[in-house]
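The values are calculated or read from the model by the stated rules, or taken from the named source; none is laboratory data. Model, not experiment: these values are computed from the prediction. Counting neighbours? That spans all protein chains shown, and the Cβs are built from the backbone with ideal geometry, glycine included. Please note that ligands, DNA and RNA were not included when accessible areas were found on the heavy atoms of the full protein model with its side chains. Shrake-Rupley method; radii C 1.70, N 1.55, O 1.52, S 1.80 Å.
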Amino acid sequence: MISHMDVDHISGIHHLEGAQSFIVSELEWNGAKGHQRARCQGITIHPFPLKPIPFGPLKLGKDLYGDGSIYLILTPGHTDGLISVLVRVQDGWVLLASDAAYSRISWSEMILPGYTSDDEMAFQTLQWICEFSQREDCIAVIANHDPLVKEASF
Ligand SMILES: [Zn+2]
């Protein structure tokens, strides 16, 4: 699953040997620039449409397996079609916030990502992450580039 089309997230895609194909939100794929798509040349990409789901700032995304175990959640603002991943674990949920936030400090102090496609949406997304992080059944929220995350231990 490609969270979004920023080069630091797609440049190594050719090194993922054995992967048959990738999915990315249709919104992100349709908004991708030529140089971003060029990096995916020779890779099978299946853009997926956004559908109503129970989570996220806009409650749009994809129930990956149709069983509520993993939701791909539209968390726009850093890019228009950015996807975060919500994974059901034994005692609740783990939210992989992708680049919607760069660190846990982002949602505790409402600091937007350094690059945004839409500041207002990025703020709404951060608000949703902040609220979700306070749920009793939220085991962890992990941002992609968080230097405070050393190792997952849950
Ligand atoms: Zn990014």
Most fluctuating residue given options A122, A140, A19, as computed from a GNM of the chain linking Cα atoms under 10 Å = A19
Amide H neighbours of G61 under 5 Å, at least 5 residues apart or on other chains, H built in the peptide plane: list them.
-> K51, I53, L74
Taking amide H positions as placed in the peptide plane 1.01 Å from N, state which residues far from I45 in sequence (5 or more) or on other chains have amide H under 5 Å from it.
-> F22
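Percent of accessible area on the chain owned by carbon and sulfur, 1.4 Å probe?
On the chain, the fraction of accessible area on carbon and sulfur atoms equals 50 percent.
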Spelling it out for C138: with amide H atoms placed in the peptide plane at 1.01 Å from N, the residues 5 or more places away or on another chain with amide H under 5 Å from its amide H are W93
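Leaving out ligands and nucleic acids, and using a 1.4 Å probe, what accessible area per residue does the chain come to in Å²?
Here the residues of the chain average 55 Å² of exposed surface.
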If each Cα of the chain is one equal point scatterer, what is log10 of I(q)/I(0) from the Debye formula at q = 0.15, 0.16, 0.17 Å⁻¹?
-> -0.77, -0.88, -1.00
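Restricting to the chain, what percent of DSSP beta bridges are antiparallel, rounded to 5?
Numbers: 15 of 24 bridges.
The antiparallel proportion sits near 60 percent.
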Which value at 222 nm does the chain reach when only helices count, each DSSP H run of 4 or more adding -39,500 (n - 2.57), with the total divided by all residues and rounded to the nearest 500 deg cm²/dmol?
-> -5500 deg cm²/dmol
Karplus-derived HN-Hα couplings along region 127-142 (A = 6.51, B = -1.76, C = 1.60, θ = phi - 60°), whole Hz, x at Gly and Pro | 4, 5, 4, 4, 5, 5, 5, 8, 5, 5, 8, 8, 6, 6, 10, 10
In terms of solvent-accessible area of protein heavy atoms at a 1.4 angstrom probe, what is the ranking of H4, H9, H15, highest value first?
-> H15, H9, H4
Computed on Cα atoms, the radius of gyration and Dmax of region 19-91 in angstrom are 13.1, 42
Largest to smallest accessible area among M1, M121, M110 [probe 1.4 Å] = M1, M110, M121
Rough spin-label spacing in nm, given labels placed 7 Å along Cα→Cβ, for I45 and L148 = 3.3 nm
Most positive-pole-ward Cα, L58, G114, L72, against dipole of the chain from beta carbon charges = L72
